[in-house]
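Read-outs throughout are calculated quantities, based only on the coordinates presented, and are distinct from any laboratory measurement. Owing to the predicted nature of the structure, the values given are computational and were not obtained by experimental measurement. Every residue, glycine among them, receives a Cβ derived from its backbone with ideal geometry; neighbour counts consider all protein chains shown.
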Amino acid sequence: MDLPDSIRQFKESENFWVSLARDGISILAIVATFALLSQAVFGLWTPMVAVESGSMEPHMNVGDIIFIQNIDRTEVISHGSADDYSSFGMEGDVILYRPYGQEGVTPIIHRAMYFVEEGEPMWEDGPAAPHAGYITKGDNENTNRYYDQQGMVSYLTPVKEEWIIGVARYRIPYIGHVRLIFS
């Protein structure tokens, strides 16, 4: 039996194990295609995160899936730095960053409000920035009345550019609840 006959027999077989193998190969092909497209478009193998808290409401809700573009492929536009630019309902980009640059902790997805240089006050009458970076804040006015650097999220520490994973680009509501069930 030659190769084309073997392939045809594999495709047409009604044997349970052969059918299961075909389904497995199909799933692997779909996952590989998605990963390759994600890398090509967003610069990340896994460009999606599920929103875990209400800190970005009303623009991002718990259970939303957010597509992230790799920071190496874009620039961060902070709140008020570009005319007529908005992202997720407000001025400035929403960034995904590692708090204090730590690996293995849950990244934070908040809005880049503005950039400060080392030694500049982090906010009006605030302390001097220990290094250059972004001052960030969640959009939810009820839970995020202050900048992250004024509270528990990134206390007195601007977000360094190397801590940023990427910039939020697209949102798919609700389907992230499936992912959150498993965490």
Original post:
Out of (1) 1.04; (2) 1.37; (3) 1.13, which label holds the value of Cα Rg over 2.2 N^0.38 Å that was computed here?
Top reply: (2)
Original post:
If you take the charge dipole of the stretch 1-126 about its Cα centre, with +1 on Lys and Arg Cβ and -1 on Asp and Glu Cβ, which of Val49, Pro107, Val18 is farthest toward its positive end?
Top reply: Val18
Original post:
Whole-Hz Karplus ³J(HN,Hα) for the stretch 68-73, in order, using 6.51 cos²θ - 1.76 cosθ + 1.60 and θ = phi - 60°, x for Gly and Pro?
Top reply: 10, 9, 3, 4, 5, 10
Original post:
Each residue of the stretch 13-28 in turn: what ³J(HN,Hα) in whole Hz from Karplus with 6.51, -1.76, 1.60 and θ = phi - 60°, glycine and Pro shown as x?
Top reply: 5, 9, 4, 4, 5, 5, 5, 5, 4, 4, 4, x, 5, 4, 5, 4
**OP:** Kindly write out, for the stretch 52-66 in residue order, the coupling ³J(HN,Hα) from the Karplus curve 6.51 cos²θ - 1.76 cosθ + 1.60 (θ = phi - 60°), rounded to whole Hz, with x marking Gly and Pro.
**Re:** 9, 9, x, 5, 10, 5, x, 7, 9, 10, 3, x, 6, 9, 10
Subject >> Order of Val18, Val49 under a 10 Å beta carbon neighbour criterion, fewest first >> reply: Val18, Val49
Original post:
Among Trp123, Trp17, Trp163, which comes first, then next, by fewest other beta-carbon atoms within 10 Å?
Top reply: Trp17, Trp123, Trp163
Subject >> Calculated [θ] (222 nm, deg cm²/dmol) that DSSP helices of n ≥ 4 give over the chain, each run adding -39,500 (n - 2.57) >> reply: -7500 deg cm²/dmol
Original post:
Can you give the angle from 0 to 90° between the axis of helix 3-12 and the longest principal axis of the chain, with both taken from C-alpha atoms, to the nearest 10?
Top reply: 80
Original post:
Dipole of the chain, Cα-centred, from +1 at each Lys and Arg C-beta and -1 at each Asp and Glu C-beta, to the nearest 20 debye?
Top reply: 640
Original post:
Taking only the alpha carbons of the stretch 8-65, what extent do you get along each of the three principal axes, in Å, biggest first?
Top reply: 54, 25, 12
**OP:** For Gly166, list long-range residues whose amide hydrogen, built 1.01 Å from N in the peptide plane, is under 5 Å from its own amide hydrogen.
**Re:** Ile71, Leu96
**OP:** Amide H neighbours of Gly92 under 5 Å, at least 5 residues apart or on other chains, H built in the peptide plane: list them.
**Re:** Gly80, Ser87
Subject >> Whole-angstrom gap from the stretch 40-71 to the stretch 128-177, using each part's C-alpha centre >> reply: 13
Original post:
For Glu161, what charge total do you get from the other residues with a beta carbon under 15 Å from its beta carbon, if Lys and Arg give +1 and Asp and Glu give -1?
Top reply: -3
Subject >> Segments 104-110, 40-46 sorted - mean Cβ within 10 Å per residue, highest first >> reply: 104-110, 40-46
Subject >> Loop GluC sites (Glu not before Pro), the stretch 1-94, which have at most 11 other Cβ atoms in a 10 Å radius of their Cβ (DSSP) >> reply: Glu14, Glu75
**OP:** Using amide H atoms built 1.01 Å from N in the peptide plane, name the residues 5+ places from Met113, or on other chains, whose amide H lies under 5 Å from its own.
**Re:** His79, Ile135, Thr136, Lys137
